[in-house]
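The values are calculated or read from the model by the stated rules, or taken from the named source; none is laboratory data. All values derive from a computational prediction rather than experimental measurement. Here the Cβ positions follow ideal geometry from the backbone for every residue, glycine too, while neighbour counts run over all protein chains shown. The area values use the complete protein model at the heavy-atom level, side chains included, leaving out ligands, DNA and RNA. Shrake-Rupley method; radii C 1.70, N 1.55, O 1.52, S 1.80 Å.
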Amino acid sequence: MNAITDLARALKDAPAELSSSSLFGLPDQPAHERVLLASDEATGLKTILAVHSTARGPAFGGCRFWTYGDDQAALTDALRLAQGMSLKNALADLPFGGGKAVILKPAGDFDRAALFAAFGRAVQSLNGAYITAEDVGTTTADMRVVQQNTPFVSGIPRDGAFGGDPSPKTAWGVFVSIEAGVKLHLKRESLAGVRVALQGLGAVGWHLAEFLHMAGAKLVVADVDAAKVTRAQEKFGATAVGINEILSADVDVLAPCALGAVLNAQTVPQVRARLIAGAANNQLATVQDGDALHARGVMYLPDYLVNAGGIISVAREYRNEGEETAVMVEVTKIAERVAELLERVALSSGGTPARVADAWARSKLVRPAV
């Protein structure tokens, strides 16, 4: 790398609501183990690699490629995502800790392959403490470029072996979670006729829409890409609403499948669904927003519990122990953890799903016994 970014610059002109964030971790949380900010002038790369915990093994989590308002927003996103990966990997009983990378998308033209090659070198500089894969804005093609510069990467198609795009596995995990939540919380035996609002029709959201449609659910959809919405109307008979209306849609289930912090002080009072389960990471802006949902009788299934299918897939691929049928069986077991969470909530003397799941996951942030 040509330079290690001046850390102080990451806080310059930070928005007031983010000013309490630390360079080393999130407010009121223990520090992350390692945070690398790296830049490469030749390619325009600016990246943040956050290693939250290696208690269970090397930190594993995808790379997000996104346009951020400023450096502080990118740092906060990386820190939140990395912490979420620790909780996700722990609840999924994977032998990995949690980490995440974000790349700040350059303005104007840039050489994508050169940029991801530089990112691969940044990953390599951590010597295996962090393993990367796809996330929002990145593709299997990007990961192939990364692989040319480091072995610490997954989510890549392999001839004659399990691997590749993990988004269908993520969607399947969310689907079986919705099935379980509908049965256990809404007391309905199937998804037939259940109204589901899908916020976001990206790779995971589209696969989830397919699964839900095949199960007989009635879809309400929104996406910034109007062509995707039109396609969903044609293929699934979905009802389209505006992106500012989807969170308050009159539905049974809300599935946020876009970006994080969509459930916040402004939006929570507008939610009409009785169950929330989606693929987006960090859906709650704060844990207090989970409390507010619970107080309104809304069952929120934490994202890091239900969307673990993707990391299960890339983890098995990375360990060269994956096989399609076996991985799908493992992802389907997420439904069992949903049932266990609801049981833990019922026994918790007033605990909310977000807080109970958090405590459950943190209790597992220890190196598994050999």
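Scan region 10-33 and tell me whether some residue there is open to solvent by 30 Å² or more (accessible area, probe 1.4 Å), modelled with pLDDT of 95 or more, within 30 Å of Arg316 (Cα to Cα) and hydrophobic (A, V, I, L, M, F, W, C). No, because not a single residue in region 10-33 is open to solvent by 30 Å² or more (accessible area, probe 1.4 Å), modelled with pLDDT of 95 or more, within 30 Å of Arg316 (Cα to Cα) and hydrophobic (A, V, I, L, M, F, W, C). Filtered by the rule that a residue be assigned to a loop (DSSP other than H, G, I, E, B) and either crowded, with 20+ Cβ neighbours inside 10 Å or not small (Gly, Ala, Ser) (or both), region 264-276 gives Asn264, Gln266, Thr267, Val271, Arg272, Ala273, Arg274. The residue that is nearest to the chain's Cα centre (by Cα), counting only those in region 156-171 that are open to solvent by 30 Å² or more (accessible area, probe 1.4 Å) and either among the aromatic types (Phe, Trp, Tyr) or over 11 Å from Ala133 (Cβ atoms) (or both), is Pro168. Scan region 256-263 and give yes if some residue there is in contact with a strand residue (DSSP E or B) (Cβ under 8 Å, 6 or more places away or on another chain), part of a loop (DSSP other than H, G, I, E, B) and open to solvent by less than 30 Å² (accessible area, probe 1.4 Å), otherwise no. Yes, region 256-263 contains at least one residue that is in contact with a strand residue (DSSP E or B) (Cβ under 8 Å, 6 or more places away or on another chain), part of a loop (DSSP other than H, G, I, E, B) and open to solvent by less than 30 Å² (accessible area, probe 1.4 Å).
Counting the residues of region 100-131 that are without any contact (Cβ under 8 Å) to a residue 60 or more places away in the chain, closer than 13 Å to Ser39 by Cα and open to solvent by 10 Å² or more (accessible area, probe 1.4 Å) gives 2. Selection of region 132-155 for residues being open to solvent by less than 20 Å² (accessible area, probe 1.4 Å) and either basic (Lys, Arg) or part of a helix (DSSP H, G or I) (or both) yields Asp142, Met143, Val146.
Restricted to region 359-370, and to residues there that are surrounded by 12 or more Cβ atoms within 10 Å (Cβ to Cβ) and not aliphatic (A, V, I, L, M), the residue that is farthest from Ala285 (Cα to Cα) is Pro368.
Go through region 85-99 and report how many residues are in a helix (DSSP H, G or I) and either open to solvent by 10 Å² or more (accessible area, probe 1.4 Å) or of a type in the set (Lys, Arg) (or both). Total meeting the criteria: 1.
The sole residue among Val306, Val345, Val329, Val356 that is hydrophobic (A, V, I, L, M, F, W, C) and open to solvent by 40 Å² or more (accessible area, probe 1.4 Å) is Val329. Exactly one residue out of Ala339, Ala295, Ala279 is open to solvent by 10 Å² or more (accessible area, probe 1.4 Å), small (Gly, Ala, Ser) and farther than 22 Å from Phe211 by Cβ: that is Ala295. Counting only residues that are within 21 Å of Asp77 (Cβ to Cβ) and assigned to a helix (DSSP H, G or I), region 108-131 holds 8 of them.
Can you tell me which residue among Ala227, Ala249 is more than 19 Å from the chain's Cα centre (by Cα) and without any contact (Cβ under 8 Å) to a residue 24 or more places away in the chain?
Step by step, each of Ala227, Ala249 is checked, and only Ala227 is more than 19 Å from the chain's Cα centre (by Cα) and without any contact (Cβ under 8 Å) to a residue 24 or more places away in the chain.
Among all positions in region 201-216, there is no residue which is part of a strand (DSSP E or B) and either surrounded by 18 or more Cβ atoms within 10 Å (Cβ to Cβ) or at pLDDT below 95 (or both).
Within region 39-84, the set of residues being of a type in the set (Val, Ile, Thr) and either farther than 27 Å from Arg112 by Cα or not in a helix (DSSP H, G or I) (or both) comprises Thr43, Thr47, Ile48, Val51, Thr54, Thr67.
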